[in-house]
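So the structure is just underneath, and the comments pick up after that.
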Amino acid sequence: MLDTALTSLAGLPSFLAYFAVAVLSVLIFVRLYSWVTPHDEFGLIRDNNPAAAVAFAGALIGFALPLSSAITHSMSLLDCAIWGLVALLVQVLTFFISQLALKNLSQRITQGDIAAGIFSAGCSVSVGMLNAACMTY
């Protein structure tokens with residue numbers, strides 16, 4: 001019984017390393033994404049703007065999906081970090097393309113237009129799912 005527990009814990013250092021890379025990647029994503037978008041996600045969320053909350057949650061999920069795929073399929077921490085960067089860039093690009101598809105997207109989110117927030121979240125999650133599926137190397 002003790003051998004089984006110790007064997008099970010043998011993966012703990014890898015878990016901690018990949019989890020640390022994942023948390024750091026999410027923090028970098030949050031900082032960069034909130035910096036490049038024209039609206040202030042956290043200020044709007046603090047002001048109880050549901051459109052901003054939905055849009056930002058979609059972007060976060062859209063980033064976490066391919067990041068989890070990168071963790072699953074990567075050969076090393078560096079490999080994971082590189083694919084995490086790819087996921088970050090794809091998610092930021094998704095926001096800019098979404099802005100082209102729906103005029104005044106950022107302004108509409110700022111004004112609390114929930115339809116715009118749902119559209120933005122839907123784009124982010126959809127692209128995140130496709131991004132994750134493509135990370136099969």
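The values are calculated or read from the model by the stated rules, or taken from the named source; none is laboratory data. This one's a predicted model, so the numbers in the text were calculated from it and none came from an experiment. Heads up, the Cβs are rebuilt from the backbone with ideal geometry, glycines too, and the neighbour counts pull from every protein chain shown.
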Counting just the residues of region 107-137 that are of a type in the set (S, T, N, Q) and within 29 Å of Ala81 (Cα to Cα), which one comes out modelled with the lowest pLDDT? Thr136
Quick one: is Leu88 surrounded by fewer than 21 Cβ atoms within 10 Å (Cβ to Cβ), in contact with a Phe, Trp or Tyr (Cβ under 7 Å, 6 or more places away or on another chain) and under 20 Å from Arg31 (Cβ atoms)? yes
Residue ID - farthest from Gln91 (Cα to Cα), chosen from residues in region 122-131 that are under 11 Å from the mean Cα position of the chain (by Cα) and of a type in the set (A, V, I, L, M): Met129
Which ones in region 16-33 are surrounded by 11 or more Cβ atoms within 10 Å (Cβ to Cβ) and free of Cβ contacts under 8 Å to residues at least 12 places away in the same chain? Phe19, Ala20, Leu24
Hey, among Thr37, Thr72, which residue is loosely packed, with under 15 Cβ neighbours inside 10 Å and of a type in the set (S, T, N, Q)? Thr72
Looking at the structure I just gave you, is Ser120 touching a helix residue (DSSP H, G or I) at 6+ places or on another chain (Cβ under 7 Å) and under 26 Å from Phe15 (Cα atoms)? no
Report the residue count in region 101-120 for those that are surrounded by fewer than 23 Cβ atoms within 10 Å (Cβ to Cβ) and assigned to a helix (DSSP H, G or I). 9
Write out, first by first residue and then by second, each pair whose Cβ atoms fall under 9 Å of each other, whose residues are 6+ apart or on separate chains, and whose first residue, in region 120-137, is closer than 23 Å to Ala53 by Cα while the second is hydrophobic (A, V, I, L, M, F, W, C) and part of a loop (DSSP other than H, G, I, E, B). Ser120/Leu102; Cys123/Leu102
Return the total of residues in region 40-71 being within 17 Å of Leu24 (Cα to Cα) and among the β-branched types (Val, Ile, Thr). 2
